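One structure is given below, encoded as structure tokens.
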């Protein structure tokens, strides 16, 4: 018998996720607010499932308030996902969250 999570969907375990990661289109409504400002709103996210990691939702750039982000100097590399560039959130000229995206 499968356990059911609070969403009514079958419960998931991060240990059941694959390597390399699996990408799933997801039509759930994903909204991101910070300090009372809506910074993202989409029904076109991509859910990334990777062994031992919690699910992550990637939001298409066109569904974000791109003017609120500034490229940071942070770069990382993943053997499965490749190179990543990070972005700082800036609201009213001040950094809200470094490397938020």
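The values are calculated or read from the model by the stated rules, or taken from the named source; none is laboratory data. What you see is a predicted model; the values in this text were computed from it and never measured. Cβ atoms come from the backbone with ideal geometry, glycine included; neighbour counts cover every protein chain shown.
Can you report the number of residues in segment 66-77 which are surrounded by 15 or more Cβ atoms within 10 Å (Cβ to Cβ) and either outside any strand (DSSP E or B) or within 12 Å of the chain's Cα centre (by Cα) (or both)?
Matching residues across segment 66-77 total 1.
Tell me, which residue of segment 22-35 that is assigned to a loop (DSSP other than H, G, I, E, B) and at pLDDT 90 or above is nearest to residue 68 (Cα to Cα)?
Selected residue: 29.
Which pairs do you get when a residue that is without any contact (Cβ under 8 Å) to a residue 40 or more places away in the chain, found in segment 88-101, comes within reach of a residue that is assigned to a loop (DSSP other than H, G, I, E, B) and surrounded by 12 or more Cβ atoms within 10 Å (Cβ to Cβ), reach meaning Cβ atoms under 7 angstrom, with the pair 6+ apart or on two chains?
88/98; 88/99; 88/100
Of the residues that make up segment 22-33, is at least one within 15 Å of the chain's Cα centre (by Cα), under 26 Å from residue 95 (Cα atoms) and touching a residue at least 12 places away in the same chain (Cβ under 8 Å)?
Yes, segment 22-33 contains at least one residue that is within 15 Å of the chain's Cα centre (by Cα), under 26 Å from residue 95 (Cα atoms) and touching a residue at least 12 places away in the same chain (Cβ under 8 Å).
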